[in-house]
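Notes follow once the structure below has been shown.
The values are calculated or read from the model by the stated rules, or taken from the named source; none is laboratory data. Since the structure is predicted, the reported quantities are computational estimates derived from the model, not experimental observations. Glycine also receives a Cβ, built like all others from the backbone with ideal geometry; neighbour counts cover every protein chain displayed.
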Amino acid sequence: MATATWITISVDDLDDCVVAAQMTAIRNAALGDSQDDPFAAVMPAIIARVRAEIQGNPINRVGAVANTVPPSLKNQTCWLIVAALQPRIPSLRLTDDQKDLIKDARDYLKRVGKPNGIPIEQPDDVAANDMQKSGTSEMAETPTLVTNDPKQQGIYL
């Protein structure tokens, strides 16, 4: 399976999905005095969801750099971010085509996360906390007794 340097989604990447005027409205309209651009909070949440879905497939790994996704999932990730940002402005409706693209992004991501799912490029810098082991099973060296009931003769993990 190929490896690649994973990417961070920027605000500019969203312009590839929706027109600039729509994105400006979604990001800037109706902000309170103390509110920042919602992209800063939404992007990491959506990327965490994408990375969790990726890990649903036991052969997949995630990159060591937080908030990164494989280049092949850039478009899908952008559409999920747009979907999360859009409800801020109820009067600004997504088109039917945009809704279809968001649904397609969700469906595609689910297929990536399934065992034997759609292959993606693996990160060239695997996260240290990515505990998945392809084809191996980690077992404790010494079994742990979980009951002392003589009728059950001990249940071990």
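The figures follow:
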item	result
Tabulated pairs, the stretch 1-23, first under 16 Å from A83 (Cβ atoms), second at pLDDT below 90 and part of a loop (DSSP other than H, G, I, E, B), C-beta under 7 angstrom, 6+ apart or interchain	Q22/L92; M23/D15
Checklist (1) touching an Asp or Glu at 6+ places or on another chain (Cβ under 8 Å); (2) over 20 Å from A128 (Cβ atoms) applied to A64, failing item	(2)
Single condition F39 does not satisfy, out of (1) surrounded by 18 or more Cβ atoms within 10 Å (Cβ to Cβ); (2) over 17 Å from D12 (Cα atoms)	(2)
Test: residue in the stretch 47-56 that is charged (D, E, K, R), in contact with a helix residue (DSSP H, G or I) (Cβ under 6 Å, 6 or more places away or on another chain), modelled with pLDDT of 95 or more and under 19 Å from K110 (Cα atoms)	yes
So L109, is it buried (at least 16 other Cβ atoms within 10 Å of the Cβ), farther than 29 Å from N129 by Cα and not charged (D, E, K, R)	no
Residue count, the stretch 68-100 (criterion: part of a loop (DSSP other than H, G, I, E, B), crowded, with 16+ Cβ neighbours inside 10 Å and polar (S, T, N, Q))	1
Residues being in a helix (DSSP H, G or I), touching a residue at least 24 places away in the same chain (Cβ under 8 Å) and either under 10 Å from R88 (Cα atoms) or of a type in the set (A, V, I, L, M) (or both) - total across the stretch 24-47	8
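Listed here are the residues, each with its yes/no results for (1) part of a helix (DSSP H, G or I); (2) surrounded by fewer than 15 Cβ atoms within 10 Å (Cβ to Cβ); (3) charged (D, E, K, R); (4) modelled with pLDDT under 80.
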residue	(1), (2), (3), (4)
I102	yes, no, no, no
G117	no, no, no, no
N129	no, yes, no, yes
K133	no, yes, yes, yes
E141	no, yes, yes, yes
